[in-house]
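Below you'll find the structure, written out as structure tokens, and then a few comments.
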């Protein structure tokens with residue numbers, strides 16, 4: 001059975017790695033494999049297990065493909081993008097308050113365009129609305145401007161479009177001001193909406209009671225799973241200490257609540273009576289405890305919004321409870337695999353989320369560690385019984401006599417009792433340390449893969465943060481939700497008070513290390529597989545051959561080769577950050593960032609994309625941060641870069657009053673204005689600044705843009721033109737047209753019609769050109785005429801809205817890689 005369940009999961013995972021959904025030939029091949037494996041298992045019992053696993057793998061692949069085909073049928077036609085469409089439907093889930101309005105899910109019942117297969121769920125932003133105006137289930141008629149489900153696509157970062165598909169979101173957009181939305185008198189109903197309303201009421205109660213309490217967002221997250229109210233300071237602290245998983249309603253919380261509810265249900269049932277008879281005479285107390293645990297766990301998982309860890313824990317509890325009621329006791333590994341299959345049946349795209357791997361990986365590591373240790377905990381009660389029974393032993397040689405039972409003294413009873421407590425405490429401490437060790441090393445490779453970091457303080461912080469949250473904060477929060485007003489206020493305030501103590505301790509712990517996070521580049525498939533093999537090896541039972549050598553398998557993960565380009569060559573990565581610019585230039589031993597993308601005033605791309613990409617690429621320190629000019633889509637992300645990445649020098653074309661100058665100096669970076677004529681060489685690659693002219697900055701920020709040229713030892717060059725326009729292009733041509741010659745051009749001003757003139761392109765003569773533009777951006781970049789101008793010259797083109805990030809290796813040759821080509825998945829461009 002284990003092989004069958006694993007095979008099914010492997011088939012589901014395999015489908016999510018495909019560039020396209022299976023066609024008729026692939027479906028026939030899948031069916032042939034399935035029936036052939038079933039026939040082989042029936043004819044040859046020796047290979048039955050392998051054959052059934054292969055059949056299950058084919059079934060999982062087919063199931064996931066069928067679910068994907070149904071999900072992708074709902075789509076917004078390209079010709080209807082950015083057009084006002086009247087929608088009638090109702091609000092789903094919990095609306096999120098954003099700085100630019102309220103974001104919410106809207107389930108469409110009818111669309112004014114009368115389109116068939118219109119997206120059933122869309123994500124909208126309403127600028128003027130407050131989330132209190134959008135209760136769950138409320139029906140509205142509104143006009144929305146929509147785009148197809150689209151997200152940034154970058155090397156080494158999570159695919160946002162997979163997340164949208166997992167949530168069923170097939171279009172995004174905003175509520176248009178063309179016509180005021182109108183709320184309809186009848187609200188929608190249903191079990192899901194009833195849960196959403198319950199969650200909304202719980203969130204409002206907590207916020208009304210706690211007001212402006214600093215850690216109110218964490219209490220809300222622990223109660224209903226809504227994390228939008230958690231402050232940036234709390235997020236930063238928990239990431240630094242490896243405790244950010246505690247903000248979500250995890251399987252640990254649900255398991256603790258289930259255990260507590262089982263104890264309460266059993267305690268009450270044992271003392272209940274009906275018609276003079278004790279209640280356990282009708283139904284055994286353990287069965288009532290199991291039912292109570294399952295029901296309350298389901299209630300708490302519903303409050304969490306049924307995230308993947310909650311689904312996993314709930315499935316395991318239901319499986320164990322059903323087996324117990326049937327008089328069975330399944331193996332823990334089998335329970336975990338059944339939960340794995342159930343989660344993937346409900347959500348085949350769960351395998352694309354880090355929560356899935358971290359949740360199942362943690363439980364698998366715990367089970368493996370317990371099995372490898374020989375289940376030491378199960379032996380402890382036998383030792384306790386020996387201490388008690390030693391006083392009751394009778395010499396069997398004294399036959400026919402009735403010896404007097406020796407009565408131990410109170411002192412010896414006390415000594416035995418203390419010894420039992422000490423043994424149990426020691427066994428519990430050893431078990432906790434073993435489990436914490438197993439989880440820490442098991443999740444480290446996955447944490448590096450998904451987040452490019454290992455929190456060094458994680459084991460120590462979690463050792464007391466997990467029981468603190470589980471035993472004190474979570475029960476007090478739930479008690480506050482269950483109690484009526486005004487009795488809820490003391491419990492919620494108590495939950496916040498004990499949480500504040502924990503936050504203070506974590507803050508002191510984070511301050512104890514100058515760098516609490518160990519940043520590592522994202523591992524490749526070999527390094528990740530080797531590290532996972534090392535985890536299983538290290539957690540093997542005592543006496544396993546060469547177990548001491550297990551850390552050697554981690555070397556590719558912990559000490560990766562970090563040479564993206566050979567001597568004399570360089571690599572340019574044009575990030576997909578939406579409407580803006582961020583380019584990473586790496587030589588053999590140096591790194592430069594040209595612009596940092598938008599900041600908090602727009603899409604937070606500097607924090608969301610630029611910094612995580614640098615960390616995933618293994619760039620711990622930038623030798624130079626070049627900010628071409630002060631426009632927010634180029635300079636807005638610079639503060640996030642300065643805060644998270646070491647910067648040796650800031651080279652910028654910014655006014656002297658710009659706050660980036662003192663901000664960079666405060667973090668130990670040298671500062672220098674970007675001026676034409678500056679040159680330097682790194683690892684055989686020459687960098688040269690071509691613009692602006694020396695002297696005071698004049699004109700618009702675009703006119704002041706820093707223009708940089710990088711040339712390899714073989715003479716191949718890339719030109720970073722920032723946002724220069726036709727006037728600057730003419731001056732550069734008049735000054736030194738030959739200096740503009742380059743093989744790769746980062747298109748000036750995102751391809752606007754005020755740039756990329758014919759003489760400029762003639763002077764540059766690029767073989768490849770990169771457009772950094774946002775998907776369906778409001779500026780309509782690139783301009784069709786300009787884009788056609790590049791296409792008619794036979795230039796290899798890449799635009800971030802269509803191709804995602806672009807990577808160009810420049811040495812003796814030019815190699816262009818487009819993310820959506822080399823990392824294609826079936827949900828892209830649908």
Problem set entry | Solution diffusion estimate, µm²/s, Stokes-Einstein, the chain, Kirkwood Rh from C-alpha pairs, 25 °C, viscosity 0.890 mPa s | 80
For this session: Express in nm, to one decimal, how much length is gained between residue 686 and residue 648 on full extension, taking 0.36 nm for each residue of separation and deducting their alpha carbon distance.
Result: 11.9 nm
Exercise. Is the shape of the stretch 429-564 best called rounded, prolate or oblate, per the rule: a/c under 1.5 gives rounded, else a/b larger than b/c gives prolate, else oblate, with a ≥ b ≥ c the square roots of the Cα gyration tensor eigenvalues?
Worked result: prolate
For this session: Within 10 Å of each residue's Cβ, count the other Cβ atoms and sort 571, 83, 410 from fewest upward.
Result: 410, 83, 571
For this session: Obtain the nm distance between the two label points defined at residue 419 and residue 700 by a simple spin-label model: each point lies 7 Å from its Cα along the Cα-to-C-beta direction.
Result: 8.8
Exercise. Mind checking the angle between helix 232-241 and the chain's longest principal axis? C-alpha axes, 0 to 90 degrees, to the nearest 10.
Worked result: 60
Problem set entry | Calculated FRET value between residue 714 and residue 31, using beta carbons and R₀ = 60 Å, to 0.05 | 0.70
For this session: Kindly work out what percent of the DSSP beta bridges joining two residues of the stretch 623-765 are antiparallel, to the nearest 5.
Result: 55
Exercise. Once fully extended, how much extra length lies between residue 42 and residue 345, figured as 0.36 nm per residue of separation less the alpha-carbon to alpha-carbon distance?
Worked result: 106.5 nm
For this session: Relative to the longest principal axis of the C-alpha atoms of the chain, give the angle of the C-alpha long axis of helix 285-303, reported between 0 and 90° and rounded to the nearest 10°.
Result: 10
Exercise. Based on the Cβ-Cβ distance of residue 498 and residue 208, what FRET efficiency does E = 1/(1 + (r/R0)^6) give at R0 = 22 Å, to the nearest 0.05?
Worked result: 0.60
Seminar exercise, completed: Here, residue 275 and residue 98, labelled 7 Å along Cα→Cβ, have an inter-label distance in nm of 6.1
Problem set entry | 222 nm mean residue ellipticity, helices alone, for the chain (DSSP H n ≥ 4; -39,500 (n - 2.57); rounded to 500) | -14000 deg cm²/dmol
Exercise. Any idea what Rg and Dmax come out to for the stretch 78-189 if you just take the C-alpha atoms, in Å?
Worked result: 13.9, 48
Exercise. Full extension from residue 437 to residue 507: what is 0.36 nm times the residue separation minus their Cα-Cα distance, to one decimal in nm?
Worked result: 22.9 nm
Exercise. By counting other Cβ atoms within 10 Å of each Cβ, how are 270, 411 ranked from fewest to most?
Worked result: 411, 270
For this session: Describe numerically, in nm with one decimal, the distance between label points set 7 Å from Cα along Cα→Cβ at residue 671 and at residue 737.
Result: 4.0
Exercise. Helix 354-372: angle to the longest alpha-carbon principal axis of the chain, degrees 0 to 90, nearest 10?
Worked result: 40
Seminar exercise, completed: For the residue 430, residue 263 Cβ pair and Förster radius 25 Å, calculated FRET efficiency rounded to 0.05 is 0.55
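Each reported figure results from applying straightforward, stated rules to the coordinates on display, with no laboratory input. Only a predicted model underlies this, so the values are computations on that prediction, with no experimental measurement involved. FYI the Cβ positions are ideal-geometry reconstructions off the backbone, even for glycines, and counts take in every protein chain you see.
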